[in-house]
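Read-outs throughout are calculated quantities, based only on the coordinates presented, and are distinct from any laboratory measurement. A quick note: this is a predicted structure, and the numbers were derived from the prediction, not measured. FYI the Cβ positions are ideal-geometry reconstructions off the backbone, even for glycines, and counts take in every protein chain you see.
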Amino acid sequence: MATAEPVLTAVDATAVNGRLALASAEERIAWAFGEYAGGLVLSSSFGAQAAVMLSLATRVVPGIQVVFIDTGYLFPETYRFADELVARLKVNLKVYRPLLSPAWIEARHGRLWEKGLEGLEAYNRIVKVEPMQRALSELGARAWLAGLRRVQSSTRGGLSIVSGQDGRTKIHPIIDWTDRDVHNYLEKNGLPYHPLWHKGYLSIGDAHTSRPVGADMTPEESRFFGLKRECGLHEERIDGSGI
């Protein structure tokens, strides 16, 4: 099992972010590959606008390992969308799943997502965080690319292009892209949104914790019943266990 190198120091991260501030998304990905080469992976949920990062990353780094966490509770449309993009973009997909099947998880813990904030956090640790940490370790990831954007939520508003998370370097190549930037890229390259995007789903995760955005709600309220926004994948682990 590979051991991750230390993340950039605060001084290094500040300098790197300064250099990459005016760089294109492609240049940011190229920088990451130059620094971490075979230790660089991309994570994708095959969500609403996933085609953007998948396209950018596979163009700059053909064959890059792409981690997809299959919780067992995704929408059928998500699985079909993943199949479409994997074939079209020649994605080197690495699928990771929870250690237990959905049926076994429910037999042991019940429907955790119906048990308030504490239940949701336990659920996310089991079906998302643990598989991701296992993937990063087994794939020898020293750094990983993620398609987070500041305009997506208040929890992402302060994110930088390059930062550290759990002993690895995290790179957000499109962190400063607007919704218009995303639309323009997809349109220019003939790439699709997730099918549920056209049905009002702006943030797409598990079927039982994602809702279309209604007139009286914010996009953040469409996930996890409005109790939280992040699923834990992009948050520093407090206890260091990831489970």
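Figures for the structure shown
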| quantity | calculated |
| --- | --- |
| Paramagnetic label zone (point 7 Å from Cα along Cα-to-C-beta, GLU106; backbone N under 19 Å) in the stretch 205-222 | 205-211 |
| Pairwise FRET efficiency - LYS115 versus ASP179, Cβ, R0 = 35 Å, nearest 0.05 | 0.55 |
| DSSP-defined antiparallel bridges as percent of all bridges, the stretch 10-226, nearest 5 | 30 |
| Whole-Hz couplings from phi, Karplus 6.51/-1.76/1.60, listed for the stretch 52-57; x for Gly and Pro | 4, 5, 4, 5, 4, 5 |
| Base-10 log of normalised Debye intensity for the stretch 20-153 (one unit scatterer per alpha-carbon) at q = 0.17 Å⁻¹ | -0.98 |
| Computed helical MRE - 222 nm, the chain, DSSP H runs ≥ 4 contributing -39500 (n - 2.57), nearest 500 | -10500 deg cm²/dmol |
| Value of relative contact order over the chain, rounded to a whole percent, pairs C-alpha under 8 Å and six or more apart | 27 |
| Sorted by Cβ density within 10 Å, fewest first, the residues LEU42, LEU22, LEU112 | LEU22, LEU112, LEU42 |
| Point-to-point label distance, GLU187-ALA207, nm (Cα→Cβ direction, 7 Å offset) | 3.3 |
| Integer Hz, Karplus 6.51/-1.76/1.60 couplings in order for the stretch 71-83, x for Gly and Pro | 6, x, 10, 6, 5, x, 4, 5, 5, 5, 4, 4, 4 |
| Förster-model FRET efficiency, 51 Å R0, GLU84 and THR14, C-beta, rounded to 0.05 | 0.80 |
| Distance (nanometres) between label positions extended 7 Å along Cα→Cβ at LYS94 and ALA21 | 3.4 |
